[in-house]
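This report concerns only the one structure given below.
The values are calculated or read from the model by the stated rules, or taken from the named source; none is laboratory data. Note that this is a predicted model, so its numbers are computed, not measured. Positions of Cβ are generated from backbone atoms using ideal geometry, with glycine treated the same way; all protein chains shown enter the neighbour counts. Side chains included, ligands, DNA and RNA excluded: accessible areas come from the protein's heavy atoms. Shrake-Rupley method; radii C 1.70, N 1.55, O 1.52, S 1.80 Å.
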Amino acid sequence: MTPQMGLFFSAIAFVGTHFLLSHPLREPLVRRLGERAFQGIYSLVAIALFVAMIWFYGVIGDEPQLWSPGPAAWIAGELLMWLGSILLVGSFVGNPALPGAPGPRGGPKGVFAITRHPMMWAFALWAGVHLMVVAIPKALVFDGAILLLAGVGAGLQDRKKAGLMGEAWHEWTAQTAFWPFARG
């Protein structure tokens, strides 16, 4: 197997196991193993596959740039990374979507007034900026996987939380935006 194929397959496995373990397999595995053991396995699988992606990315070595980002792309990238950093840090304060969180209480505050998925959007912004400025084939695979996981994962998270939390989640979604700054 070539390093490029290794990166491709580890990226597919990284995204696929996130979706499978977060949604259809979560409940039966939690019932069988318990919540803490499941979280441990989930974390180990995610870390192992992410490390595999990083390893294959490094083994591939230098690649030709597909396009040359200009100064405007770098400036836009810096601003978007700044926003992503704020969303990521803010997502750890009062996040009703984190596992074990009590659910939304009161109206949206902080980064949740921007989007109900600040962590996912932070990862999506990070990946999008890297796609824009790194512009090499292996970055398309690596960053594309992160972007896909963040975007689709946020939508799947909405659906899962609606099923788990019912009316409380519907009230939260009525007060918050899926897309950043789209509420209004």
Query raised in the report: Does anyone have the angle between helix 35-60 and the longest principal axis of the chain? Alpha-carbon axes, 0 to 90°, nearest 10?
Result: 20 degrees
Query - Cα lying deepest toward the dipole's positive end in the chain, options ILE47, ALA174, GLY16, charges on Cβ - result: ALA174
Query raised in the report: Using alpha-carbon pairs under 8 Å, 6+ residues apart, how would you state the relative contact order of region 1-65 in percent?
Result: 58 percent
Query - Å² per residue, accessible surface of the chain at 1.4 Å - result: 56 Å²
Report summary line: A chain fully extended from LYS160 to MET1 at 0.36 nm per residue, minus the present Cα-Cα distance, gains in nm 53.6 nm
Report task. Starting from the Cα-Cα distance between ALA76 and PHE181, subtract it from 0.36 nm times their residue separation and give me the gain in nm to one decimal. Result -> 36.1 nm
Report summary line: Phi-derived 3J(HN,Hα) across region 126-134 with the Karplus relation (6.51, -1.76, 1.60, θ = phi - 60°), rounded Hz, x for Gly and Pro, is 4, 5, x, 5, 5, 4, 5, 9, 7
Query raised in the report: If the cut-off is 19 Å between C-alpha atoms, which aspartates and glutamates fall inside it for LYS160, apart from same-chain ones fewer than 8 positions away?
Result: GLU27, GLU35, GLU171
Query raised in the report: Hey, got the dipole for the chain? About the Cα centre, +1 on K and R Cβ, -1 on D and E Cβ, debye to the nearest 20?
Result: 600 debye
Report summary line: Percent relative contact order for the chain, counting Cα pairs under 8 Å at least six residues apart, stands at 28 percent
Query - At 1.567 mPa s and 4 °C, Stokes D of region 1-94 from Kirkwood alpha-carbon radius, µm² per second - result: 79 µm²/s
